[in-house]
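Student: Structure in structure tokens, see below.
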Amino acid sequence: MGDGEHGSTVRGWLRNIEVFAGPLPEFLPEHAPADPVRLFLSWLSDAVADGLRDPHAMTLSTVDEAGDPDARVLILKGVDGSGWQFAGHGFSPKGHQLAVHPRAALTFYWPEHGRQVRLRGPVTPGSTEDSAADFLSRSATARAEALLARQSQYLADTAERDQALEKSLALIERQPSLVDSAWTLYTLAPAEVEFWQAARNRVHTRLRYERTGAGWERLLLWS
Ligand SMILES: Cc1cc2nc3c(=O)[nH]c(=O)nc-3n(C[C@H](O)[C@H](O)[C@H](O)COP(=O)(O)O)c2cc1C
């Protein structure tokens with residue numbers, strides 16, 4: 001099969017995969033609360049209540065030194081008036097990118113509900129205490145891996161990793177309160193938060209909250 005033929009087969013195959021199968025919830029923007037945190041928590045609660053998988057997983061997008069975009073999935077660690085929290089290693093690529101460009105975007109998608117939430121804004125590293133508390137809440141293996149401070153570096157062979165991990169786990173066993181000082185709890189304080197609700201008839205609803213000093217303006221968007 002030539003590349004063109006293969007490409008058209010893949011296109012047809014993709015076209016036939018159903019999206020927004022539903023049943024989808026209704027979203028009435030005129031009833032949306034004044035604060036996006038409230039609406040976000042209500043959508044997240046819906047996802048949890050309906051048993052959606054990994055409802056607190058989100059894509060974190062950053063830019064590197066050259067201005068090239070990068071993205072990966074992370075777990076949401078908290079949400080409050082100060083913003084949306086996530087955690088990672090300061091020496092990882094995302095850690096370096098956030099040190100150079102402390103701005104990011106977060107994207108959530110709950111397919112069964114046809115709901116997407118997009119946020120953009122500045123990112124600040126949390127206090128040493130908050131980052132340490134997050135570090136200590138992680139599993140021993142996750143802490144042992146973080147202590148190696150080698151995330152996303154080339155790995156020559158898995159035996160080398162297993163050996164290093166074993167040593168790191170033994171260290172944690174001897175010092176259970178050991179904290180990696182480069183582990184960071186970050187907060188993204190959104191300048192804008194967009195709620196996107198799919199509809200079966202493809203007339204999707206979009207509502208963007210834009211920060212205006214102390215409050216938020218709510219704006220409908222064309223889809
Ligand atoms: C569902 C899921 C949750 C994840 N949660 C985290 C997390 O909370 N923190 C983290 O640093 N990496 C997490 N990862 C791994 C990241 O996606 C990524 O591989 C890693 O952080 C390295 O990214 P970087 O090279 O861009 O720094 C998670 C991956 C998945 C699929």
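None of the figures in this text is laboratory data; all of them are computed from the coordinates on show. None of these values were measured; they are calculated from a predicted model. All Cβ positions, glycine included, derive from the backbone under ideal geometry; neighbour counts span all protein chains shown.
Student: I need the strands (runs of 3 or more DSSP E) fully contained in the range 1-120, keeping only those with at least 2 residues that are out of contact with any Gly (no Cβ under 9 Å at 6 or more places or on another chain).
Tutor: In the range 1-120, 57-63, 69-75, 78-80, 103-110 are the strands (runs of 3 or more DSSP E) which contain 2 or more residues that are out of contact with any Gly (no Cβ under 9 Å at 6 or more places or on another chain).
Student: Does any residue in the range 128-146 that is more than 15 Å from F86 (Cα to Cα) come within less than 6 Å, Cβ to Cβ, of a residue that is of a type in the set (V, I, T) six or more places away or on a different chain, and which pairs are these?
Tutor: Listed pairs, sorted by first residue: A140/I172; R143/I172; A144/I172.
Student: Also, quick follow-up: Can you tell which of A104, A87 is buried (at least 16 other Cβ atoms within 10 Å of the Cβ), in contact with a helix residue (DSSP H, G or I) (Cβ under 9 Å, 6 or more places away or on another chain), under 17 Å from Q151 (Cβ atoms) and not acidic (D, E)?
Tutor: Result of the check over A104, A87: A87.
Student: Quick check on the range 56-70: of everything there that is within 8 Å of the ligand (Cβ to nearest atom) and surrounded by fewer than 16 Cβ atoms within 10 Å (Cβ to Cβ), which residue is nearest to S42 (Cα to Cα)?
Tutor: The qualifying residue nearest to S42 (Cα to Cα) is A57.
Student: Here is a list of conditions, (1) aliphatic (A, V, I, L, M); (2) part of a helix (DSSP H, G or I); (3) touching a helix residue (DSSP H, G or I) at 6+ places or on another chain (Cβ under 6 Å), and V193 meets all of them except one; can you say which number that is?
Tutor: Condition not satisfied by V193: (2).
Student: Residues of the range 121-132 being of a type outside the set (D, E), assigned to a helix (DSSP H, G or I) and buried (at least 16 other Cβ atoms within 10 Å of the Cβ), which ones?
Tutor: Once the filter is applied, which keeps residues that are of a type outside the set (D, E), assigned to a helix (DSSP H, G or I) and buried (at least 16 other Cβ atoms within 10 Å of the Cβ), the range 121-132 yields S131, A132.
Student: Right, here's the next one. Quickly run through the range 161-199 and pick out the residues that are within 30 Å of W84 (Cα to Cα) and either surrounded by fewer than 17 Cβ atoms within 10 Å (Cβ to Cβ) or without any contact (Cβ under 8 Å) to a residue 24 or more places away in the chain (or both).
Tutor: Across the range 161-199, the qualifying residues are I172, P176, S177, L178, S181, A182, A189, A191, A199.
Student: For the condition in contact (Cβ under 8 Å) with a residue 24 or more places away in the chain and either farther than 28 Å from L219 by Cβ or in contact with a Pro (Cβ under 8 Å, 6 or more places away or on another chain) (or both), what is the one hit in P29, P25, P36, P55?
Tutor: After ruling out the rest, the residue left standing is P36.
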